[in-house]
Ligand code: GAR
């Protein structure tokens, strides 16, 4: 079967992208990353993609921090479509998605989030978990819709909160779980073991 074509979007350090790229390189996930894109031209994720000789796309600089201007998001959606992306993977992408991306890739965008959704949506989910004094938190991969961290859950992994945890130590433990969960979900989507709302290959 032809590998699933992925577009990976991230705003930051790109450790989930690296985990996914490594799993693909090792033959564990039947997919190919055809474009790595970021809303920030200086994001580490783009440098990591260039090191791997992957195609990259940086959005033009916009006026807002939390969302992209419609025309900037439209160009991003077009770049992903032109690259032949079948599944968009949000891996630390810190903007709210608007209609261009959602309409171009209906039922074909997943996100990784560092909590057990619906608990602690939004920013700094691990700090929210510490403040709430929960005994466990975790990470979630979910389908993306127009609500922030609101689409249906695909799979979750629980992570314990330990006495003495700092925001950094808890986030690091959650990230270890993320780095296993994201490649697993992409593998199972590529192999048809997780149903798609809209499978491009059907
Ligand atoms: C990850 O923990 C991811 O779950 C989170 O940003 C981090 C990105 O790390 N995403 C969100 O909070 C989205 N709401 P990375 O750049 O090292 O992959």
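Where a number appears in this text, it was derived from the coordinates with a stated rule and is not lab data. Note that the structure is a prediction, hence the values are computed from the model and not measured. Glycine gets a Cβ as well: all are built from the backbone with ideal geometry, and neighbour counts include every protein chain shown.
Computed from the alpha carbon positions, the gyration tensor of region 44-101 leads to an equivalent ellipsoid with semi-axes of 19, 14, 11 Å, biggest first.
Looking at region 80-138, the pairs of alpha carbons with a distance over 14 Å make up 61% of the total. Each Cα pair under 8 Å and six or more residues apart adds its separation to the average, and for the chain the resulting relative contact order is 21 percent.
Model label points for residue 196 and residue 22, set 7 angstrom from Cα along the Cα-to-Cβ axis, are 2.7 nm apart.
Calculated on the alpha-carbon coordinates, the convex hull of the chain measures out at 115 cubic angstrom per residue. Protection proxy ranking, highest mean first, for peptides 85-97, 115-127: 85-97, 115-127, where packing is the per-residue count of other beta-carbon atoms within 10 Å, averaged.
Using the Cβ-Cβ distance between residue 162 and residue 123 with R0 set to 22 Å, the FRET efficiency from 1/(1 + (r/R0)^6) comes to roughly 0.45.
For region 115-159, the extents of the C-alpha atoms along the principal axes are 29, 19, 11 Å, listed from largest to smallest.
Specify whether the C-alpha gyration tensor of region 18-114 places it in the rounded, prolate or oblate class, a ≥ b ≥ c being the square roots of the eigenvalues: rounded for a/c under 1.5, otherwise prolate if a/b is larger than b/c and oblate if not.
It is prolate, given that a/c is not under 1.5 and a/b is the larger ratio.
Using Stokes-Einstein with the Kirkwood hydrodynamic radius over Cα pairs, what translational diffusion coefficient do you get for region 117-202 at 10 °C and a viscosity of 1.306 mPa s, in µm²/s rounded to a whole number? The Stokes-Einstein estimate is 113 µm²/s.
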